[in-house]
Each structure stands twice: as structure tokens, then as C-alpha cells.
Amino acid sequence: MLSRAIRTTAWRGGQRRCASALTVKAPTYAPVKIQHEDITEVMEEVPDFQFYHIGGELKTNPYKNVTLDQTVMLRPPVEVAPSAPKYEFSKLENGLRVATANLGGADAHIGLFASAGSRFSNAANLGVADMIAQMSYHSTAHLSHLRTIKTLEHLGVDADCTAGREYLAYKVGTLPEHLPFVVPILVGNVLFPRFLRWEVKHEMEDALERTWSEPEIVEGMLHAAAFTNNTLGLKLQANAASCKHFLGETMRDFMMQNCSPKNCVVVGVNVDHQELAKWTMRSYAEYNAIPHTERKVEAPKYYGGDSRTEAPTGSATVVLAVPTAGWNGGDNLAVAVAAAHIGGGRLGET
């Protein structure tokens with residue numbers, strides 16, 4: 001046993017190939033033409049919203065005699081008969097794809113995913129994807145950082161951005177009627193972040209003070225051992241060594257190379273597909289889209305090996321990993337079942 005240590009081992013083990021029981025049909029995309037519309041007509045479709053709301057003195061409490069078994073919702077949810085999930089797909093003429101899944105829920109979840117993870121970084125900008133995620137929802141060409149945060153707070157939006165080894169994901173949880181507000185904010189973060197010097201400096205200071213959780217440390221060591229110095233093995237998190245690259249130009253260049261519409265997809269859950277496609281189109285019509293740059297996507301080269309480090313804990317963590325065919329492989333269903341039996345985790349985590 002490795003006392004007070006974390007140890008990860010990536011093993012080049014044999015795999016038995018098996019046909020997946022899950023067959024997914026390739027989606028058919030409905031074309032969406034980008035149109036430049038009259039702003040007056042567009043604004044008529046935007047719900048009323050008070051950007052500057054100044055509350056007054058509360059003279060009476062409307063909820064004084066309301067008990068917990070009574071609803072206080074201004075618009076109680078409408079009962080909807082259960083139905084099969086509905087999936088729809090569209091593609092803007094600039095190449096961006098829009099996909100929706102209507103699951104019958106009352107709240108909506110919207111994400112803008114870009115194929116721009118740490119695997120596309122290099123020795124000059126290691127940690128850049130994590131840097132960009134930290135700068136999410138800051139100043140853009142249309143909104144300041146303050147206005148962005150106040151808008152999200154006023155709407156009660158749960159906003160987040162995560163950087164992975166293969167993607168950048170901007171995500172919000174909101175109500176379906178807030179699409180006209182949140183979609184332009186998501187698109188603006190990708191197309192025209194300003195990366196103001198003082199905002200970058202503040203986030204750089206936060207990055208230097210961050211501490212990583214044990215699962216994050218283990219996952220990083222695991223990928224570094226499995227894919228030594230290539231693609232998925234490149235460092236994901238920004239740290240003290242990479243913060244010298246924490247510059248607006250560094251982040252902007254990375255996004256220009258990897259965040260063109262053809263490398264992005266907008267996904268919505270419990271939203272009307274036509275509405276999401278329309279507001280996504282309108283958001284891109286307001287900006288000059290990032291021109292697409294053909295890039296060489298290198299296949300991950302698996303090495304395997306052993307990696308270990310001391311950790312300030314009273315126990316040891318040992319991880320054993322084997323290579324699979326990846327997200328596009330035919331064994332995903334079998335691997336997911338095996339992962340559930342081994343440790344109850346999700347595919348890619350166990």
C-alpha cells in the first residue's frame with residue numbers, strides 16, 4: 001500500500017471486442033439560413049425585462065399567512081401528459097449545429113459546446129482551455145462583466161463553464177422563456193470575449209490560489225501516464241507555471257483556431273427547437289463569426305505507465321486504467337455496464 005500517496009497506473013491490456021447493442025442513427029439536420037432582421041421587429045419578441053430594477057419598501061408581506069402546502073408560484077406549472085422524448089436537429093449555414101431534446105420538463109438547460117479542449121493546446125499555451133473557462137461570463141462586445149452577472153442573477157440563471165480535454169462547455173439552467181437573453185450571452189462568450197486586462201489579472205490571481213480536489217489530481221495523473229505529452233495527456237489545469245501565458249492574446253488566438261461555428265454545437269433540453277435555432281441564428285448574425293481553420297486532429301497515442309505523487313492525506317488512492325475505443329467506439333454500452341459493476345461510476349470515470 002502507498003502510504004499518504006496517490007498512485008495511478010495506465011495498463012496496456014487486451015480488450016475483447018464486442019458489438020454494441022445500442023445503434024444510433026445519424027441525425028438529419030434541417031437547414032437554417034442566417035438572416036439580418038430588423039432590430040425593432042426582433043425586440044418585439046423579447047420578453048419584458050428590467051435591467052435596472054430598484055425595489056421599494058415592502059409595506060405588506062404577501063406571503064404572511066401562506067403555509068408550506070400552498071404554492072407561491074405566479075404561474076403554477078401546467079400538467080403535461082407523459083410522452084416519448086422528442087429529438088430535433090438543425091444546422092446553420094455557417095456550419096453550427098443545433099440539437100434539442102424535449103423531455104417534458106418545466107426548466108430548460110442550454111449548452112454551447114466547442115471542440116476546443118486541452119488536447120488542442122501546445123507547449124506555449126498549456127492550460128489555455130482552463131484559462132478561457134475561468135474568463136467565462138466576463139466582458140464581451142455587447143455586455144460588460146457587471147451587466148452580464150446582473151442579468152443572469154435577475155433571471156435566476158444557473159450559469160457554468162467547464163473545460164475538458166476535448167471541449168469547452170458553456171452551460172445555463174433557466175426557464176424556456178429566457179432563451180432570448182441567455183443564448184446571446186452564450187454566443188457572445190465564444191465569438192467576442194474582450195479579455196480585458198484587469199479582468200484577466202483578477203482571474204490569474206484566483207488561479208494561483210486554487211487548490212485541486214483529489215479526483216482532479218488523479219484524473220490528470222492518469223491521463224499524463226496514459227498519453228505522455230500528446231493530445232489527452234497534455235495538462236488541463238492552469239497553474240503557477242502556465243499563468244505566464246494567461247494573456248488575452250493567448251486565449252483569443254486559441255479560440256480563433258478552435259471555436260469556429262463548424263467546431264461548435266448548441267444543445268437545448270426542454271426548449272422549443274425552432275425557438276432555440278432562431279435565437280442562435282440571430283446571435284450569430286450580430287457578430288462576425290470566427291472563420292473556420294482546418295486543423296490536424298491527432299489521434300491519441302497510448303503509452304501507458306506508472307505515475308505517483310505524495311499527497312497530504314492519511315490514505316492512499318490507487319487507480320488502474322485500461323484503454324478503450326473512445327466515445328465513438330462500438331463497445332461503449334458494454335464498458336458502461338462493466339464500469340457500473342466494478343464501482344458504480346459513470347463511463348469514463350470508473
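Give me the percent of the accessible area of the chain that comes from carbon and sulfur atoms, probe 1.4 Å, all protein chains in place.
C and S fraction of accessible area: 55 percent.
Ignoring ligands, DNA and RNA, what accessible area per residue does the chain give at 1.4 Å, in Å²?
Accessible area per residue, the chain: 61 Å².
Could you give the length gained by full extension between HIS154 and ARG308, i.e. 0.36 nm per residue of separation minus their alpha carbon distance, to one decimal place?
Taking 0.36 nm per residue and subtracting the Cα distance, the gain is 50.8 nm.
Take the Cα radius of gyration of the chain and divide it by 2.2 N^0.38 Å, with N its residue count; two decimals is plenty.
1.13
Which of SER83, SER283, SER118 moves most in a GNM of the chain, Cα contacts under 10 Å?
SER83
Amide H to amide H, which residues 5 or more places from TYR167 or on other chains are under 5 Å from it, using H placed in the peptide plane?
Those qualifying (amide H under 5 Å, at least 5 residues apart or on another chain) are ALA116, GLY117, SER118.
With the cut-off at 32 Å, tell me which of the pairs LYS59/LYS278; LYS91/LYS296; LYS25/LYS235; LYS150/LYS296; LYS86/LYS296; LYS86/LYS262 have Cα atoms farther apart than that.
LYS59/LYS278; LYS25/LYS235; LYS150/LYS296; LYS86/LYS296
Using a Förster distance of 51 angstrom, determine the FRET efficiency expected from the C-beta separation of LYS296 and TYR63, and round it to 0.05.
The formula returns an efficiency of 0.25 here.
Counting other C-beta atoms within 10 Å, and keeping those with at most 11, which DSSP coil GluC sites (Glu not before Pro) do you find in region 131-227?
Nothing satisfies the criteria.
In the chain, once you exclude exposed trypsin sites (Lys or Arg not before Pro) (DSSP loop, at most 15 other Cβ within 10 angstrom), what's the longest stretch remaining?
The longest uninterrupted stretch comes out as 65-209.
At LYS86 and VAL318, where each label point lies 7 Å from the Cα along Cα→Cβ, what is the point-to-point distance in nanometres?
About 5.3 nm, to one decimal.
The values are calculated or read from the model by the stated rules, or taken from the named source; none is laboratory data. This structure is a prediction, so every number in the text was calculated from the model and none was measured. As a convention, Cβ positions derive from the backbone with ideal geometry for all residues, glycine included, and neighbour counts pool all protein chains shown. Ligands, DNA and RNA are stripped out before the accessible areas are found, and what is left, the full protein with its side chains, is counted by its heavy atoms. Shrake-Rupley method; radii C 1.70, N 1.55, O 1.52, S 1.80 Å.
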